[in-house]
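Below: the structure, in structure tokens.
The values are calculated or read from the model by the stated rules, or taken from the named source; none is laboratory data. All of these numbers come straight from a predicted model, not from anything done at the bench. Ideal geometry is used to build each Cβ from the backbone, glycine not excepted, and the neighbour counts take in all protein chains shown. We work out accessible area using only protein heavy atoms, side chains counted, and drop any ligands, DNA or RNA first. Shrake-Rupley method; radii C 1.70, N 1.55, O 1.52, S 1.80 Å.
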Amino acid sequence: MQNGSLISIENLKVYYKVGGVFSKKVVKAVDDVDLQIKRGETLGLVGESGCGKSSLGKAILRLIEPTEGKVIYNGVDLVKLSARQMREQRKHLQIIFQDPYSSLNPRMTVGQIIGEPIKTFGLAKGREVEERVQELMEAVGLSRRFVKRYPHEFSGGQRQRIGIARALALNPEFIVADEPISALDVSIQSQIMNLLEKLQAERKLTYLFISHDLRAVRHLSDRVAVMYLGKIVELASAKEIYEEPLHPYTKALISAVPIPDPEIEANRERIILKGDVPSPINPPQGCRFHTRCPFAIPECSIISPELVEIKPSHRVSCIRISKDHPDIKENAAKGLGVV
């Protein structure tokens, strides 16, 4: 594990069998991913729907079982732990789900929902549980008066605050935030993002923030990993990803983010990708993005690119990009092939 890393993911694969017991079809949701999440940071994970973002987040927590690979947390490989050993680690590793409507038990009160993990892990008893629940409610911006209300009595934003309070109940160190604002009104999204920032500063949390909303990821993240069809194609600081994206897929994603300046928005270049995301059951050979890439050359359909460092702390997976030639547009103009 690299110095400063809280979570180190090595050669992680998540494959799903589809089509029945005798079928040989496999969905390669996460395919040989290496990633480090530094202690105290927010790592943003972006990509189109179906690229494997949520599968990666859930595999880290073993909410779904990895097919292969390692997930090392504080020096312990979570993949090798028994169910009982993993249960002990869950105090430190929590998740905020995407849909606050379906992730809360409609038959339980807010107090019961937030208090359940505290009781399950024996962190408090009796009156102490009630006090702890009320403290958590206040920490996420909910009134103590709501403790006996049911989920259907709350708005979407309030329900997501309940989900956040539940995730905080065991004093975790690491939280996977799986598209936590996508189901919310735009007016509420910024409130939840500000809450996540505030809680991170107060509680020294580490986040994996999964989202397809690039503006939200830019606001919250220290670094950003871009995922395409089960693989990481670019990894850099949030500032570099947004100001100097190198991979053609990242360039296309960034070009789709609206700019709140009418003059700049009207004159900037928009990159439109051709076709749809290929099926993860039968992904393209070589670079998985070559079927949609405007800069693809014949070698791209043969060579599977590795994620390599092109600039300091800026890694890219593309055979047409190198330290000497980081600009793929310039490479295309010069007719450069494999570099």
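Would you please name the residue that is nearest to the chain's Cα centre (by Cα), looking only at residues in region 27-44 that are of a type outside the set (Asp, Glu) and over 14 Å from PHE174 (Cβ atoms)? Going through the qualifying residues, I end up with GLY44.
Kindly indicate whether any position in region 73-92 is closer than 21 Å to ILE281 by Cβ, open to solvent by 40 Å² or more (accessible area, probe 1.4 Å) and among the hydrophobic types (A, V, I, L, M, F, W, C).
Looking through region 73-92, none of the residues is closer than 21 Å to ILE281 by Cβ, open to solvent by 40 Å² or more (accessible area, probe 1.4 Å) and among the hydrophobic types (A, V, I, L, M, F, W, C).
Cβ-Cβ distances below 7 Å connect the following pairs, each with a first residue in region 188-203 that is of a type in the set (D, E, K, R), a second residue that is open to solvent by less than 30 Å² (accessible area, probe 1.4 Å) and assigned to a helix (DSSP H, G or I), and a separation of six or more residues or different chains: GLU197/LEU220. Any chance you could count how many residues in region 5-29 are open to solvent by less than 50 Å² (accessible area, probe 1.4 Å) and closer than 24 Å to VAL79 by Cβ? Residues meeting the conditions: 12. Applying the set (1) of a type in the set (Ser, Thr, Tyr); (2) closer than 21 Å to GLU179 by Cα; (3) open to solvent by less than 30 Å² (accessible area, probe 1.4 Å) to THR109 leaves exactly one unmet item: (2).
Scanning region 243-269 for residues being within 15 Å of PRO326 (Cβ to Cβ) and either open to solvent by less than 40 Å² (accessible area, probe 1.4 Å) or modelled with pLDDT of 95 or more (or both) gives a total of 6. Restricting the search to strands (runs of 3 or more DSSP E) fully inside region 14-125 and requiring at least 2 residues that are among the β-branched types (Val, Ile, Thr), in contact (Cβ under 8 Å) with a residue 12 or more places away in the chain and out of contact with any helix residue (DSSP H, G or I) (no Cβ under 8 Å at 6 or more places or on another chain) gives 26-38. Restricting attention to region 291-317, the residues that are open to solvent by 20 Å² or more (accessible area, probe 1.4 Å) and under 21 Å from ASP34 (Cβ atoms) add up to 11. Within region 292-317, restricting attention to residues that are closer than 17 Å to ALA332 by Cα and part of a loop (DSSP other than H, G, I, E, B), the residue that is modelled with the highest pLDDT is SER317. Of the strands (runs of 3 or more DSSP E) lying entirely inside region 130-242, not one contains at least 3 residues that are of a type in the set (Gly, Ala, Ser), modelled with pLDDT under 95 and within 21 Å of the chain's Cα centre (by Cα). Within region 134-147, does at least one residue satisfy the condition of being touching a residue at least 12 places away in the same chain (Cβ under 8 Å), under 29 Å from PRO66 (Cβ atoms) and crowded, with 21+ Cβ neighbours inside 10 Å? No: zero hits.
Residues that are open to solvent by less than 30 Å² (accessible area, probe 1.4 Å), of a type in the set (Ser, Thr, Tyr) and in contact (Cβ under 8 Å) with a residue 12 or more places away in the chain are absent from region 148-169 altogether.
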